[in-house]
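J.: Before I ask anything, here is the structure I am working with.
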Amino acid sequence: MTAALEVRGMVKSYGGARALDGLDLHVAAGEVHALLGQNGCGKSTLVKALTGVHSPDSGVATVFGRELTYPVTAPHTHGIAVIHQDIGVVDQMTVLENLGVNAGYGTRLLGAVNTRREKRVYGDLMDRLDISLPFDTLVSDLAPAERSLLAVVRAMRLLEAHEGAGQLFILDEPTAALSGGEAERLLALMRRMADLGAGVVFISHRLAEVMEVCDSMTVVRAGRAVATSPVARTTREDIVAAMLGRRMEDFFPAPPPEPVRSGVNSARTRLVVDGLSGDVVQDATFTVHAGEVVGVTGLAGMGQEELPGLIAGVTTPRRGYASVDGTRLAGRSPREAIDATLALVPGNRLRDGCWIAGSAAENLTLPVLSRFARPWGIDSAAETDHAAERMAEVGTFPNDPRLPMAAFSGGNQQKVVFAKWLQTGPGVLLLDEPTQGVDPGAAHDLLEDVVEIAERGSAVVVFSGDHEQLAAICHRVLVLHHGRTVAEITRASGELTEANLLHACETPAAA
Amino acid sequence: MSTTTQQTAEPTRAPAVSRASRGLAQRYALLGIGVLLLLVCLAAIPSFRSLRLVTTMVNGQSIILLLALTATIVLRTGDFDLSISQTMVGSAAVVAVLSGHGVSPALAIALALLLGLAVGALNALLVVVIGVDSFVTTLGSFTAMAGFCYLVTGSRIVAGVPDFFVNFSRSTVAGIPTVTIYAWVLVVVLWFVYQRTPLGRYTLFIGGNRNAARLAGLRVSAIRIGAYLVSGVLASFIGVVFAGYFGAVDPSVGGQYMLQPFAAVYLGATALAVGRFNAVGTLVALYLLTIGITGLQLLGAQTWVTNVFYGLALMIAVTAAKLAGRKTRAGLS
Amino acid sequence: MSTTTQQTAEPTRAPAVSRASRGLAQRYALLGIGVLLLLVCLAAIPSFRSLRLVTTMVNGQSIILLLALTATIVLRTGDFDLSISQTMVGSAAVVAVLSGHGVSPALAIALALLLGLAVGALNALLVVVIGVDSFVTTLGSFTAMAGFCYLVTGSRIVAGVPDFFVNFSRSTVAGIPTVTIYAWVLVVVLWFVYQRTPLGRYTLFIGGNRNAARLAGLRVSAIRIGAYLVSGVLASFIGVVFAGYFGAVDPSVGGQYMLQPFAAVYLGATALAVGRFNAVGTLVALYLLTIGITGLQLLGAQTWVTNVFYGLALMIAVTAAKLAGRKTRAGLS
Amino acid sequence: SATGASSSSAASSAPVTGAAAECAAQAKKDVDAKREPLDLVVPTQSIDVGALKGKSLWFITVTMNQFSTDMAVGIKEAATAAGLSTVLYDGQGSANRFTEGMNQAIAQRAGGIVLVGIEPSLISAELSAAKAAGIPVLNTLNSNPDEAVPDGMFANFTADFTADGKTAAEWALNDSGCSTDVIVVKSSTIPVWNHLADGAVDAVKELCPDDCETTVLDVDAANIATDLASKLQTALQKDPDVNYVFVVWDSGVPYAQPVVASSGTKAKIIARDGIAPSLQMVAAGTQALTVATPPPGWIGWAAADDVFRAMLGAEPSGLVIPTRLIDKDNVGSGSDADVSPNYTDYQSAFSKLWGVA
Ligand SMILES: Nc1ncnc2c1ncn2[C@@H]1O[C@H](COP(=O)(O)OP(=O)(O)OP(=O)(O)O)[C@@H](O)[C@H]1O
Ligand SMILES: Nc1ncnc2c1ncn2[C@@H]1O[C@H](COP(=O)(O)OP(=O)(O)OP(=O)(O)O)[C@@H](O)[C@H]1O
Ligand SMILES: [Mg+2]
Ligand SMILES: [Mg+2]
């Protein structure tokens, strides 16, 4: 079989730090090849080198026998189509404008764009992919999953032009923001492309997906390939061991002992959500007790993206309210909720979670900064020490609080954001896609912290499309459909499995 | 820091349902204000009903309109080019001085355009290639060009610009002076490029999210450099027009042409295509301001009134557009 | 559009290893240039060695320094306040005119400060509460205030500001005029607030990522409104100082004080705390520019030379700081 | 003082009455007198500048425009002739720089200072300091000659702006046979422009109270280029019978010119100063009139002379800058030799006076 992609000795340094350290990679035509590795091991860097975002320092890459020259310009002319990890959309432009950008809107630089034809092309494409996006809506109005789908459609346009053979598709964590059903459709599409003779490089931290759809895989550690084998001949445990350099017992920590929810000895109710409604969410009503971990899920656009913001006062609810430890929140500002010891770890890290040019310490200590205020000013030494301790607790690498956030890999940024809220000892912790883009080792560590905080008496709500994770760590999971709670699956019932959750999401009537 | 005109900074969010109606209200707020103002002026001020008045009003704004249109080019890519007004005066000075030395119009124009190209290239080098903040860089080239204007003119007014240039700017076609025609042609060209071509969208994409544009495979740097070069060359073309229009070049006037174009551009970005720097909106905004000020002048308002009007009109118009377009807004989704 | 001074636009990335050296080089690039320039001037120009000259040089910049420091306040929160220079002149005019009518200094000052507060409140209302773009809003209030200046002065220079105000600005303490002392005190206060207090950190965070700041529980709107109010009140305080410093108020000068403070602030943001608007850097930047220009004047340079120097100095200084700090830069992770 | 604020009665096509005839006669008389070439004006008392050798003469100007650049040439020549050095300080239109220029002059122990176009009240403290330091400062072209000399300065050296405004108005009255409808353009933040405008308006009112009309436009000094055009075009629309536009300073003419050209009126542009580009335009016919001073170089010499006198402790010369009407009939080629024929060698007249010839 011909190689769709052959990479030899790829090296790329950012200043003195080596992101790629002689990486080798072989992807055969007709296969879906998983590229796996810990956060910050260099996966995205490879993608960027292959697509001209930046040039490697050395190393050779050939695509279907043709050697790439750096910097790579117009990758699609080499048969490369890519979905980047940071999706690359502009909020203040419409869906159609964002879709056409990588295809040059189907015309010359100064030719007139034929909007009708563009709509037809993308309309057909979306029909076939069973995706639906409104063309004239601003991207800022899209849900995170819709943005991912936009990126999929956008990349597919280029692929469609020469379906199948001679094509290399690279997808860098395309499913991170997708829910089960959408992810499945994307995986099926990927499979079909490969079956038609294309080479597909698939980057994901969701090993279940990898096991399901990939033919072979390469594990990268510190910029080098450390393991490569057919997926059929390996196990998740082996993969994780190769990624982390150690074996991991379970992928998810066990949930804490279930608190008693009613009766004389019941745990106290910490979070009450009563009739809360927003643009999508309708009449959300539930309570969460001390020591409980509750999941909320649903398909994209069904409300689980909106709900955390409504509870935390980021968006003012249309009706209803949330209360924390008996304090009813007016829902006008996050500050009010924070004062009531509620913490929200937002889903869109770059937009809502951090100041990318600020240092990790500055980001991490923001909610507790006044603790370090002395009459003569902020005690910087104490602040830095505190940040370093907290970062060590969640295993941030590198553990240097003085580095700007931009110098950390996506997963490590997530850890800093996580640590920022854990340190406040929240009574109610809301987690929006907490392990999005986080490698399995790190995800395990983060979730362990979540379980621990629940054990110590906090109420935890996890909003996620990752059913496997929810099934593993929650006491019960609420399923939203068109903004309403259509199902509640409890661990006690023994029904709390990934498959049941998916089923409940996709066929709400049955639930 | 890096002052950018990032179009993403404050995503306006609205529920899906109101997507369409919101667009309409916001889109035509400014146009509505303009038409209303015109009608009020027509009704209240008899002398406003003269065609002559309207044409002089429009013609008098042509240089500023040209500058404002030029300003949109770089603004769309998310950068500033504050230097255009001085580049204009510098080029006008070059044309006037060279002509005074008997250099042929063609050569004088060519050298003036070359000057604009050089300023654009310097701006592009610093901002795009080296990555310095565009606000401070172009403030620097603005000031340096002011010095250049004094240099070439010897700090004197250069009069006696040849008739060739005067005709170039002032001769009329169907009663419309060429300077106005240039401005309108530029409106049409930019409208086409911005609204209808991939390049127009690329500039917006780059201004909106530079990293996203890079990931989408756009030649971000090439387009940004191109924007500065076009901006510089257009500014020096306006300089040629300027020299002919006034027939004399005073090296000290650059500063007076700095702010008004930006006011029109920002105001225009609230009209027609909300939040996007665009050509037609700029034209509407500028004419709106002109109608208002002319109306006030006809009513005998003093200097302070026109300034206050100008300032308040800016604030009110953008506020109106904002309010018209707002249903819900808030944090994250 | 929404022109913001988002500090995120282009993160500078560098590997951990070179972090320390990079910091140093970048941090002190501007300071180094300044010291070098001073030494060259001292060596080459005998008259530079007079203490009197140096104090003159420093004192002459105090009004601009005060304005530049004021500009940093709103810039840090990611917004613009372009109106400060006109608010200053407007308040100066109020003080001069009221004093001319025999109003007591205390009352005149109170009313001037109230004016600043009102301008700040208007800016805050539009920018923070309604959400209009800050560049165009404050360009609007700048222009409206220009009209106000003509209104209160009747478009004439108002002379004969009472001695109370003259002494307020000009009396010396240990040989240093109070106007300079005010500026230095403001440098120290802002340095402390910016570097040493949570509030200073909050402003920076709000400028860097408003959403994240809000989600972290900061009172984003309150702080932004506060920044505008403080900016307005400080601007009118500078107006009081201005009236006393010049002893007369020319209502047309606001525009002259608009750009220079911003040039100093942006240049200062490359010194000492790279990419962050700060007080000490602003001071260093302004004095650097002044040393250079004074040196040139003493050497007999003509106007165009000083303009060109000013422009090039801006460009070169920011470029030097940028290059000093750059090892690698590239896309995003 | 505002747009359209001062207009006397209308009705321009009235029959020639006795009053009109009187007006025409008076205007013609004055105009004919002001048309003649100016005699060379130099001080009467001689001085010995030998004692001034090695001192410095500072020239601080509101901005380096056409006029001050040309005047600076004269200042330099004069100082060189007397053995002084010169420092030119450009205020760049910024009050901040005016005070800094004064402070630098004081810090560097200037021998004397010629201050041009800078409102003295803006630098009152510096003027006191200069006086305390014994540095004489000459107030140049900021006032009428008979106004009080500001504190800290030793003399006014200037032209009679009110009279010049009157002269321009009389020229228009004469030119139109006393059916004058004139727009006067000024900026009221500049005091001497107010004098010019007042002189013109008063002259029209006095000589032609019934049949003539005046309108004063006050433009924003900070935005002259754009504000002048906008206000003028509106005013011309409002009153299409305007036959003169008096821009009280020559360098404002280019901004009025395109507006008048495209207005469809036959208004003539008149102005004051006599800077070289305007003389060219008068010769070319695009500007109808300028009220011209002698060459700026002479003004430089004469100002230097006055400062030298003060440095030597002598009385001020008391000169007033004379002016002459220049229209197409007497402009010749527009050169200094044609416009100021008696000023071809003023240098040697001063040199003789100073004993350095
Ligand atoms: N500018 C920088 N300076 C120093 N070190 C950096 C810089 N940027 C990244 N690093 C380090 O390089 C490593 C790899 O980061 P990278 O972003 O590649 O991770 P990643 O594999 O993409 O992880 P994720 O899955 O979290 O996105 C990390 O340890 C990170 O801390
Ligand atoms: N622009 C950059 N400047 C400096 N360092 C960078 C840059 N981009 C990435 N890095 C560093 O390079 C290393 C590799 O990053 P890369 O994004 O390739 O990781 P990744 O494997 O994709 O991680 P993740 O799984 O988190 O996405 C990281 O240490 C990262 O911090
Ligand atoms: Mg990655
Ligand atoms: Mg990454």
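The values are calculated or read from the model by the stated rules, or taken from the named source; none is laboratory data. Note that this is a predicted model, so its numbers are computed, not measured. Cβ sites come from the backbone with ideal geometry, for glycine too, and all protein chains shown count toward neighbours. These area figures cover heavy atoms from the full protein model, side chains too; ligands, DNA and RNA do not enter into them. Shrake-Rupley method; radii C 1.70, N 1.55, O 1.52, S 1.80 Å.
J.: Which aspartates and glutamates have a Cα lying under 18 Å from the Cα of C:Lys322, excluding residues fewer than 8 positions away in the same chain?
T.: Partners found: B:Asp79, B:Asp133, C:Glu10.
J.: Still on this structure, I have one more. Run the accessible area of region A:399-460 with a 1.4 Å probe and give the carbon-and-sulfur part as a rounded percent.
T.: On the way: 520 of 1380 Å².
Here it works out to 37 percent.
J.: Also, I was wondering about something else. Could you run the numbers on buried accessible area between C and B, total for both chains, 1.4 angstrom probe, in Å² to the nearest 100?
T.: Numbers: alone 15790 and 15650 Å², together 26350 Å².
Interface area, both chains combined: 5100 Å², rounded to the nearest 100.
J.: Grab the other residues whose beta carbon is less than 11 angstrom from that of B:Tyr310, score K and R as +1, D and E as -1, and report the net.
T.: On the way: positive: none; negative: D:Asp220, D:Asp227.
Overall, the nearby charge balance is -2.
J.: Here is a follow-up. Could you work out the relative contact order of chain D, using alpha carbon pairs under 8 angstrom and six or more residues apart, expressed as a whole percent?
T.: Relative contact order comes out at 23 percent.
J.: Follow-up question, since we're still on this one. Note down the relative contact order for chain B as a percent, whole number, built from C-alpha pairs under 8 angstrom at least six residues apart.
T.: Relative contact order comes out at 35 percent.
J.: Right, another one. Roughly what angle does helix A:180-195 make with the longest principal axis of chain A, taking Cα atoms, 0 to 90 degrees, to the nearest 10?
T.: It is inclined by approximately 10 degrees.
J.: Sort the following peptides by mean Cβ neighbour count (other Cβ atoms within 10 Å, averaged over residues), highest first: D:81-89, A:140-148. It would help to have the intermediate numbers written out before the result.
T.: On the way: D:81-89: 19.7, A:140-148: 21.8.
Ranking, from highest mean packing down: A:140-148, D:81-89.
J.: I would also like to ask the following. Classify chain B: rounded, prolate or oblate, from the alpha-carbon gyration tensor (a ≥ b ≥ c, eigenvalue square roots; a/c under 1.5 rounded; otherwise prolate if a/b is larger than b/c)? Write out the running numbers ahead of the final one.
T.: Values: a/c = 2.00, a/b = 1.17, b/c = 1.72.
Verdict is oblate for chain B.
J.: Mind checking which aspartates and glutamates have their Cα closer than 17 Å to the Cα of A:Lys48? Skip sequence neighbours fewer than 8 apart in that chain.
T.: Cα-Cα hits under 17 Å: A:Glu6, A:Asp21, A:Asp24, A:Asp57, A:Glu67, A:Asp86, A:Asp172, A:Glu173.
J.: For chain A, what does the helix formula give at 222 nm: sum of -39500 (n - 2.57) over DSSP H segments with n ≥ 4, over the residue count, nearest 500 deg cm²/dmol?
T.: Details: 15 runs with 155 residues, N = 511.
Value at 222 nm, helices only: -9000 deg cm²/dmol.
J.: Mind checking which of D:Leu325, D:Ala107, D:Ala27 is farthest towards the positive end of chain D's charge dipole, using Cβ charges of +1 (Lys, Arg) and -1 (Asp, Glu) about the Cα centre?
T.: Projecting each Cα onto the dipole axis, the largest value belongs to D:Ala107.
J.: Moving to a separate point now. How far is B:Gly32 from the same spot in each other copy, in nm, shortest first, if each label point sits 7 Å from Cα toward Cβ?
T.: Spelled out, the distances from B:Gly32's label point are 5.9 nm.
J.: Order D:Trp354, C:Trp191, D:Trp193, most accessible first, counting only protein heavy atoms with a 1.4 angstrom probe. All intermediate terms of the calculation are to be shown ahead of the outcome.
T.: Working: D:Trp354 0, C:Trp191 105, D:Trp193 35 Å².
Of D:Trp354, C:Trp191, D:Trp193, the descending order of accessible area is C:Trp191, D:Trp193, D:Trp354.
J.: For chain B, what does -39500 (n - 2.57) per DSSP helix run (n ≥ 4), summed and divided by total residues, give at 222 nm, in deg cm²/dmol to the nearest 500?
T.: On the way: 14 runs with 231 residues, N = 333.
Only helices count here, giving -23000 deg cm²/dmol.
J.: While we're looking at this one, here's another question. So what's the gap between the Cα centers of region C:231-307 and region D:35-104, to the nearest angstrom?
T.: 28
J.: Please give the calculated 222 nm ellipticity per residue for chain D, where each DSSP H segment of at least 4 residues contributes -39500 (n - 2.57) and the sum is spread over every residue; nearest 500 deg cm²/dmol? Display every interim value, and only then the final one.
T.: Numbers: 12 runs with 154 residues, N = 357.
For chain D, the value works out to -13500 deg cm²/dmol.
J.: Compare each residue of region B:187-216 in its chain alone against the assembly with all protein chains, and report those whose accessible area goes down by 40 Å² or more; 1.4 Å probe, heavy atoms.
T.: Output list: B:Arg196, B:Pro198, B:Leu199, B:Arg201, B:Tyr202, B:Phe205, B:Asn211, B:Arg214, B:Leu215, B:Ala216.
J.: 5 Å is the cut-off here: which amide hydrogens, built 1.01 Å from N in the peptide plane, fall below it relative to A:Leu344, excluding neighbours closer than 5 in sequence?
T.: HN-HN under 5 Å from A:Leu344: A:Leu430.
J.: Under 29 Å between alpha carbons, and skipping anything fewer than 8 positions from D:Lys205 in its own chain: which lysines qualify?
T.: Filter leaves D:Lys28, D:Lys29, D:Lys34, D:Lys166, D:Lys186, D:Lys231, D:Lys238, D:Lys266, D:Lys268, D:Lys328.
J.: Considering Cα pairs under 8 angstrom that are at least six residues apart, work out the relative contact order of region A:3-247 and quote it in whole percent. Kindly include the intermediate steps, with their values, before the conclusion.
T.: Details: 477 pairs, mean separation 71.9, N = 245.
Computed over region A:3-247, the figure is 29 percent.
J.: Return the average number of partner chain Cβ atoms within 10 angstrom of each residue Cβ along peptide A:353-365. Write out the running numbers ahead of the final one.
T.: Details: counts 6, 6, 14, 11, 16, 10, 0, 0, 0, 4, 5, 0, 2.
Mean partner shielding for this stretch: 6.
J.: Determine, for each peptide in A:282-291, C:280-289, the mean count of other beta carbons within 10 angstrom over its residues, then list the peptides with the highest first.
T.: Per-residue mean Cβ counts within 10 Å order the peptides as C:280-289, A:282-291.
J.: Taking only complete DSSP H runs, can you tell me which helices of chain B stretch 30 Å or more along their own long axis by Cα positions and average at least -1.0 on the Kyte-Doolittle scale? Don't skip to the answer; put the middle values down first.
T.: On the way: long enough: B:19-44 (38 Å, 1.33); B:220-246 (38 Å, 1.73); B:303-324 (31 Å, 1.37).
Membrane-span-like by this criterion, though nothing is claimed about a membrane: B:19-44, B:220-246, B:303-324.
J.: Taking the simple approach of a point 7 Å from Cα along Cα-to-Cβ for both B:Ile181 and A:Arg185, what is their distance in nm?
T.: About 5.5 nm, to one decimal.
J.: Further, regarding this structure: Chains D and C: what accessible area do they bury, summed, in square angstrom to the nearest 100, with a 1.4 Å probe? Write out the running numbers ahead of the final one.
T.: On the way: alone 14500 and 15790 Å², together 27760 Å².
Counting protein atoms only, the buried area is about 2500 Å².
J.: Using a probe of 1.4 angstrom, how much of the accessible area of region A:3-247 is carbon and sulfur, in percent?
T.: Details: 4190 of 8490 Å².
Exposed carbon and sulfur together represent 49 percent of the surface.
J.: Another question, then. Explain nothing, just compute: Karplus ³J(HN,Hα) = 6.51 cos²θ - 1.76 cosθ + 1.60, θ = phi - 60°, for every residue of region A:168-177 in order, whole Hz, x for Gly and Pro.
T.: In residue order, the calculated couplings are 10, 9, 10, 10, 9, 6, x, 9, 4, 9 Hz.
J.: Scan around D:Leu325 for amide H atoms under 5 Å from its own, H built in the peptide plane at 1.01 Å from N, and keep only partners 5 or more places away or cross-chain.
T.: D:Arg35, D:Ala292
J.: Right, something else. Say the dipole of the protein assembly as shown comes from +1 at the beta carbon of Lys and Arg and -1 at that of Asp and Glu; which of B:Val166, D:Phe98, B:Thr282 then lies farthest toward its positive end?
T.: Farthest towards the positive end: B:Thr282.
J.: Hey, what do the phi angles of region A:244-258 turn into as Karplus ³J(HN,Hα) couplings, whole Hz, using 6.51/-1.76/1.60 and θ = phi - 60°, x for Gly and Pro?
T.: Along region A:244-258, the couplings run 8, x, 8, 8, 10, 6, 10, 7, 10, x, 6, x, x, x, 5 Hz.
J.: Report, to the nearest 10°, how far helix A:115-129 tilts away from the longest principal axis of the Cα atoms in chain A, using its own Cα long axis and a range of 0 to 90°.
T.: 70
J.: Among C:Val233, C:Val179, C:Val166, determine the one that fluctuates most according to a GNM of chain C built with springs between C-alpha atoms less than 10 Å apart.
T.: Of C:Val233, C:Val179, C:Val166, the most mobile in the Gaussian network model is C:Val166.
J.: About its Cα centre, what dipole magnitude does region C:51-254 give when the only charges are +1 on Lys and Arg Cβ and -1 on Asp and Glu Cβ, stated in debye to the nearest 20? Let's see the in-between values first.
T.: Working: 10 positive and 5 negative charges, 105 e Å.
Rounded to the nearest 20 debye, it is 500 debye.
J.: If you don't mind, another one. With everything on Cα atoms, drop me the angle between helix A:380-394 and the longest principal axis of chain A, reported from 0 to 90° to the nearest 10.
T.: 70
J.: Oh, and also: Out of all DSSP beta bridges in the protein assembly as shown, what portion is antiparallel? Express it as a percent rounded to 5. Display every interim value, and only then the final one.
T.: Details: 56 of 128 bridges.
Antiparallel: roughly 45 percent of the beta bridges in the protein assembly as shown.
J.: List the distances, in nm and shortest first, from the label point of B:Ala121 to the matching label points in every other copy, placing each point 7 Å from Cα along the Cα-to-Cβ direction.
T.: Here B:Ala121 shows inter-copy label distances of 5.5 nm.
J.: Rounded to whole Å and sorted largest first, what semi-axes of the equivalent ellipsoid does the C-alpha gyration tensor of region C:136-282 yield via the square root of 5 times each eigenvalue?
T.: Details: eigenvalues 196, 85, 37 Å².
Those come to 31, 21, 14 Å.
J.: For A:Ala459, which sequence-distant residues (separation of 5 or more, or a different chain) have an amide H within less than 5 Å of its own amide H, given hydrogens modelled in the peptide plane?
T.: HN-HN under 5 Å from A:Ala459: A:Gly291, A:Val428, A:Leu429.
J.: Still on this structure, please answer the following. With the convex hull built on the Cα atoms of region A:3-247, state its orientation-averaged projected area in nm². Walk me through the numbers before you get to the answer.
T.: On the way: hull surface 52.5 nm².
Reported value for the Cα convex hull: 13.1 nm².
J.: If you count only protein heavy atoms with a 1.4 Å probe, what accessible area per residue comes out for chain A, rounded to a whole Å²? Let's see the in-between values first.
T.: On the way: 17970 Å² over 511 residues.
For chain A, the solvent-accessible area averages 35 Å² per residue.
J.: Solvent-accessible area of A:Glu498, probe 1.4 Å, all protein chains present, reported in Å² to the nearest ten, please.
T.: Probe radius 1.4 Å; accessible area of A:Glu498 about 90 Å².
J.: Rounded to the nearest 5, what is the percent of antiparallel bridges among the DSSP beta bridges in region A:3-247?
T.: On the way: 23 of 41 bridges.
Expressed as a percentage, antiparallel bridges in region A:3-247 total about 55.
J.: Connecting C-alpha atoms closer than 10 Å in a GNM of chain D, tell me which of D:Asp32, D:Asp273, D:Asp175 has the biggest fluctuation.
T.: Result for chain D, Cα springs under 10 Å: D:Asp32 fluctuates most.
J.: Another one. If you average the C-alpha positions of region B:207-224 and of region A:1-72 separately, how far apart do those two centres end up, in angstrom?
T.: Cα centroid of region B:207-224 versus Cα centroid of region A:1-72: 22 Å apart.
J.: Now for a different question. Counting Lys and Arg as +1 and Asp and Glu as -1, each charge on the Cβ, what is the dipole of chain D about the Cα centre in debye, to the nearest 20? Walk me through the numbers before you get to the answer.
T.: Values: 22 positive and 41 negative charges, 168 e Å.
Taking the Cα centre of chain D as origin, the dipole is about 800 debye.
J.: Treating the point 7 Å from Cα along Cα-beta-carbon as the label, what are the nm separations from C:Val230 to the other copies, to one decimal?
T.: Result for C:Val230, in nm, nearest copy first: 4.2.
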